[in-house]
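Read through the structure below, which is laid out as structure tokens, and then see the notes.
The values are calculated or read from the model by the stated rules, or taken from the named source; none is laboratory data. Being a predicted model, the structure only gives us computed values, none of them experimental. Note that we place each Cβ from the backbone using ideal geometry, even for glycine, and neighbour counts take in every protein chain shown. Ligands, DNA and RNA are stripped out before the accessible areas are found, and what is left, the full protein with its side chains, is counted by its heavy atoms. Shrake-Rupley method; radii C 1.70, N 1.55, O 1.52, S 1.80 Å.
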Amino acid sequence: MTDVSTQPDPVATSDDDVAGSGGLVGALRSMEVDTRLIGMLGALAIIWISFHIWSGGTFLTPRNLWNLSVQTSAVAIMATGMVLIIVSRNIDLSVGSMLAVVGMAMALLQAEILPDIIGFDHPMTWIIALVLGIALGAALGAFQGAIIAYIGVPSFIVTLGGLLVWRGVAWWMASGRTIAPMDSSFQLLGGGSRGTIGGFLSWVVAVVASVGFVVLLINGRRTRQRYGFAMRPLWADATIGVIGVGVVLGAVGYLNRYFLPPLLARQRAEQEGLVWPEGGLDIPLGLANPVLIAIVVALIMTFISTRISFGRYVFAIGGNPEAAELGGIKTRLTTVKTFALMGALVGVAAAVQIARLNAAVSGLGQLTELYVIAAAVIGGTSLAGGIGTIPGAVLGALVMQSLQSGMVLVGIDAPLQDIAVGVVLVVAVAIDTFYRRGST
Amino acid sequence: MAVDRTGTPLVELRDIRVAFGGVHAVDGVTIDLYPGEVVALVGGNGAGKTTLIKTLSGAHKCDSGQIYINGEPVSITTPRDAKQYAIETIYQTLALAENIDATANMFLGRELKTSFRTLDDSAMESAAREVMGRLNPKFLNFKVPVNSLSGGQRQSVAIARAVHFNARILIMDEPTAALGPAETAQVTELIKQLKAEGIGIFLISHDIHDVFDLADRISVMLQGKLVGTVNKNDVTKDDVLGMIIIGKLPGEVSSTELEALHE
Ligand SMILES: Nc1ncnc2c1ncn2[C@@H]1O[C@H](COP(=O)(O)OP(=O)(O)OP(=O)(O)O)[C@@H](O)[C@H]1O
Ligand SMILES: [Mg+2]
């Protein structure tokens with residue numbers, strides 16, 4: 001398999017030979033970059049710059065972008081799962097209500113149940129609550145998935161039912177009470193001034209990510225070389241590498257310029273025994289925990305959807321369910337797994353949400369299903385099934401959240417905000433539809 | 001190069017019945033197939049050919065009847081079962097997922113994995129190129145979604161998939177319907193080659209010339225029933241046409257019916 005001594009004759013393949021047709025488009029094609037992703041980045045840039053000007057220069061400050069990153073996390077986490085749901089020609093309308101049930105369960109566990117069993121503020125509390133919450137989410141998802149796959153009720157109906165049922169269950173779990181506060185370690189999952197990894201570790205993460213990115217690029221080239229397949233031109237891979245590393249380092253560098261407010265910085269300095277200089281101390285918060293969680297989730301979900309057979313089966317089912325069945329794929333089991341995965345991600349998002357709010361209420365996650373679906377769809381996921389990407393959905397979540405945060409920042413009334421988000425959703429999908437028609 | 005039919009058949013479908021609602025799509029059909037043999041399955045549209053072979057490929061359960069492989073009664077209820085018996089099928093509808101590429105389609109459900117259990121796309125592409133080289137050397141579109149391929153190229157993908165996995169029993173449901181003359185010749189050559197390797201092939205085709213070129217025996221269906229199975233060397237094309245259209249065996253056709261056939 002790994003015999004490198006045999007020189008495979010370079011196959012002259014016209015399909016892979018992507019050089020030519022110069023200019024920017026040609027260059028992008030050589031780099032095999034998804035032009036839709038570029039379009040979304042462009043849209044995001046326009047939104048950011050517009051709000052920056054409109055808000056008189058506050059939108060693009062490190063502080064605001066840092067907040068934006070935290071606010072985006074929960075929807076981004078769930079949107080990655082929604083991609084696979086929609087790709088397999090299904091929909092999940094229940095994620096908002098499920099978020100409430102799982103959030104309520106985790107809150108009850110740590111505020112009322114676990115203290116009686118293992119004691120108050122036990123160091124294991126947060127992890128037990130988190131793991132059980134994720135398991136509960138997966139179980140609820142699998143339950144809905146089983147009804148869809150084995151009984152054959154359309155996912156729209158099953159999860160519409162779920163939307164109502166789980167919302168009711170969430171209320172009933174605590175008779176509508178607010179459950180608070182959360183365990184002190186659990187709170188760190190939500191970000192906040194303590195729930196970050198600090199400036200230095202953020203740089204470590206950035207460097208590790210950069211190295212990983214470059215290694216992946218090099219590995220890809222090696223494999224193709226070993227089999228004698230045509231490769232992207234070296235300059236294209238180099239450009240991708242430089243841009244990728246630049247974006248990672250730039251983003252972390254910029255976010256690291258958001259410092260602890262003086263009062264908190266002083267406390268932190270005292271805790272860590274630092275001398276407090278005259279002019280104060282700039283202590284960066286660094287990446288927030290929910291952002292890190294979202295990044296890890298996005299990486300895992302990208303791996304699942306592109307590198308293992310489960311992901312391939314989800315796409316095949318979305319492309320042609322009959323072909324998938326005839327290919328010997330266990331399509332029903334795959335559907336159940338997809339919904340279970342969605343449920344588990346709802347569990348992760350619920351943890352982030354209740355940790356950030358430091359409380360759980362039965363109204364948690366209301367309308368969230370719509371934002372999650374919108375993020376996936378704005379991110380290029382086709383409701384007809386078969387098409388969608390994880391990075392696209394994350395970008396979609398960022399676009400949605402940027403719009404919302406931006407409108408709050410410039411003081412637009414809530415009803416107008418809803419109108420704007422609704423219009424953007426339809427326009428984004430309309431543009432995407434035109435684009436698709438033109439390209440295939 | 002006569003086929004040896006003294007041993008047990010490779011496959012026997014005995015008294016197979018499939019009904020859709022009130023329609024008897026397959027009505028008590030019995031056919032068999034020996035190693036190294038090509039049995040052509042012919043009949044007009046809606047005769048039940050596809051439905052019959054789907055009971056062997058695991059795509060449909062039969063209402064009654066029994067399938068034997070090497071003389072052993074077997075139960076084939078899913079496509080996975082069929083693959084376990086080394087039965088490969090080229091479906092009339094091709095059964096390709098349009099949104100994924102040719103390589104992924106070829107290995108759908110049977111992906112090659114690396115030692116980390118991840119998809120080994122490069123190994124799959126390499127294998128795909130190899131098979132396709134035997135089949136349609138001009139095919140180079142391994143990495144684009146199948147929906148951007150031509151009808152003939154898609155058919156090549158479906159054939160390559162069936163050929164790659166070392167089938168012992170190959171079912172081809174109109175495999176050359178969308179192919180150009182050069183590609184059809186290539187597939188014809190391939191069928192002869194596979195036959196020489198001892199593979200048994202059910203070939204469904206509407207092209208009577210192809211049938212006479214490739215088949216050893218011809219089974220004719222009409223309205224869900226088997227009209228009969230004849231040895232290619234014992235019959236003329238007219239005989240077979242008579243079976244397909246009138247549903248009568250060569251000796252039974254009257255001269256007026258024969259003339260009507262030529263109208
Ligand atoms: N899924 C189905 N549901 C209902 N009826 C069906 C189904 N599949 C086939 N039939 C019916 O069964 C009969 C046989 O169909 P089949 O596809 O086996 O014919 P065929 O011989 O392959 O025809 P063709 O040459 O057109 O491919 C037809 O009357 C058809 O209408
Ligand atoms: Mg047919």
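Each residue of the stretch A:268-274 in order: what ³J(HN,Hα) in whole Hz does its phi give by Karplus 6.51 cos²θ - 1.76 cosθ + 1.60, θ = phi - 60°, with x for Gly and Pro?
Working through the residues one at a time gives 4, 4, 5, 4, 8, x, 8 Hz.
Which value at 222 nm does chain A reach when only helices count, each DSSP H run of 4 or more adding -39,500 (n - 2.57), with the total divided by all residues and rounded to the nearest 500 deg cm²/dmol?
Here the helix-only value at 222 nm equals -22500 deg cm²/dmol.
Given the pairs B:LYS49/B:LYS237; A:LYS330/B:LYS232; B:LYS195/B:LYS237; B:LYS54/B:LYS232, which are separated by over 30 angstrom at their Cα positions?
Those over the limit are A:LYS330/B:LYS232.
Using a 1.4 Å probe, what is the accessible area per residue for the stretch B:98-182, in Å²?
That works out to 38 Å² for each residue.
Which one, A:VAL297, A:GLY328, A:ALA269, projects farthest toward the positive side of the charge dipole computed for the stretch A:246-332 from Cβ point charges (K/R +1, D/E -1)?
A:GLY328
For the stretch A:272-419, what is the accessible area per residue in Å² when the probe is 1.4 Å?
Here the residues of the stretch A:272-419 average 38 Å² of exposed surface.
Determine the order of B:VAL3, A:VAL427 by accessible area, beginning with the largest, at a probe radius of 1.4 Å.
From most accessible down to least: A:VAL427, B:VAL3.
Tell me, what % of the accessible area of the stretch A:196-287 is carbon and sulfur with a 1.4 angstrom probe?
Carbon-and-sulfur percentage of accessible area, whole number: 69.
Carbon and sulfur together cover what percent of the accessible area of the stretch B:30-261 at a 1.4 Å probe radius?
Accessible surface attributable to carbon and sulfur in the stretch B:30-261 totals 49 percent.
Just read off the accessible area of A:ILE157 with the full protein assembly in place, 1.4 Å probe, to the nearest 10 Å².
90 Å²
In what order, largest first, do A:ILE387, A:ILE46, B:ILE87 sit by accessible area if the probe radius is 1.4 Å?
These residues rank, largest area first, as A:ILE46, A:ILE387, B:ILE87.
In the stretch A:209-246, which residues give up 40 Å² or more of accessible area once the other protein chains are added, compared with their chain alone (1.4 Å probe)?
The answer is A:ARG224, A:TYR227, A:PHE229 - residues whose exposure falls by at least 40 Å² when every protein chain is included.
How big is the A/B interface in buried accessible area, both sides summed, 1.4 Å probe, to the nearest 100 Å²?
Buried surface at the A/B interface: approximately 2600 Å².
Given a 1.4 Å probe and every protein chain left where it sits, what share in percent of the accessible area of the stretch A:339-392 is carbon and sulfur?
Here it works out to 66 percent.
Answer rounded, prolate or oblate for the stretch B:69-191, using the Cα gyration tensor with square roots of eigenvalues a ≥ b ≥ c: rounded when a/c is under 1.5, else prolate when a/b is larger than b/c, else oblate.
Note, shape of the stretch B:69-191 comes out oblate.
I'd like the mean, over residues of A:302-311, of how many other protein chain beta carbons sit within 10 Å of each residue's own Cβ.
Partner-chain Cβ atoms within 10 Å, mean over residues of A:302-311: 3.
In nanometres, what is the gap between the two model label sites at A:THR239 and B:ASN231, each 7 Å from Cα along Cα-to-Cβ?
About 6.9 nm, to one decimal.
Calculated from DSSP H runs of 4 or more alone, at -39500 (n - 2.57) each and per residue, what is the 222 nm mean residue ellipticity of chain B, nearest 500?
Counting only the DSSP helices, I get -10000 deg cm²/dmol.
Considering protein heavy atoms only and a 1.4 Å probe radius, which residues within the stretch A:323-341 exhibit an accessible-area decrease of no less than 10 Å² in the full assembly relative to the chain by itself?
When all protein chains are present, A:ALA323, A:GLU325, A:LEU326, A:GLY327, A:GLY328, A:ILE329, A:LYS330 each give up 10 Å² or more of accessible surface.
At 1.4 Å probe size, what's the solvent-accessible area of A:ARG36? Round to the nearest 10 Å².
Per-residue accessible area (A:ARG36): approximately 50 Å².
Just to make sure I understand: if all protein chains stay in place, what is the order of A:GLU270, A:GLU278, B:GLU98, B:GLU252 by accessible area at 1.4 Å, largest first?
Result, largest first: A:GLU278, A:GLU270, B:GLU252, B:GLU98.
With heavy atoms of protein chains only and a 1.4 Å probe, what residues of the stretch B:128-145 have at least 40 Å² less accessible area in the full set of chains than alone?
In the stretch B:128-145, residues shielded by partner chains: B:ARG129, B:LEU140, B:LYS143.
Residue by residue through the stretch B:138-149, which ³J(HN,Hα) values in whole Hz follow from phi under the Karplus form 6.51 cos²θ - 1.76 cosθ + 1.60 (θ = phi - 60°), with glycine and proline marked x?
With the stated coefficients, the stretch B:138-149 comes to 7, 6, 10, 8, 7, 10, 9, x, 4, 5, 9, 9 Hz.
Does chain A classify as rounded, prolate or oblate by the C-alpha gyration tensor (a ≥ b ≥ c root eigenvalues; a/c under 1.5 gives rounded; else a/b over b/c gives prolate, otherwise oblate)?
Taking the square roots of the gyration eigenvalues as a ≥ b ≥ c, chain A is oblate.
Express the accessible area of the stretch A:29-114 per residue in Å², computed with a 1.4 Å probe while the remaining protein chains stay in the model.
33 Å²
In degrees from 0 to 90, rounded to the nearest 10, what is the angle of the helix B:181-196 Cα long axis to the longest principal axis of chain B?
Tilt of helix B:181-196: around 80 degrees.
Could you pull out which residues in the stretch B:177-221 have an amide N less than 20 Å from a spot 7 Å beyond the Cα of B:LYS138, following the Cα-Cβ vector?
Residues passing the 20 Å test: B:177-191.
Would you work out if chain B is rounded, prolate or oblate? Take a ≥ b ≥ c from the square roots of the eigenvalues of the alpha-carbon gyration tensor; rounded if a/c is under 1.5, else prolate when a/b is larger than b/c, oblate otherwise.
Prolate.
Between the helical axis of B:151-164 and the dominant principal axis of chain B, each derived from Cα atoms, what acute angle in degrees is found, rounded to the nearest 10?
Its long axis makes an angle of about 80 degrees.
Could you list the residues of the stretch A:87-120 with an amide nitrogen less than 19 Å from a label point located 7 Å from the Cα of A:LEU367 in the Cα-to-C-beta direction?
Hits in the stretch A:87-120 for A:LEU367 at 19 Å: A:93-101.
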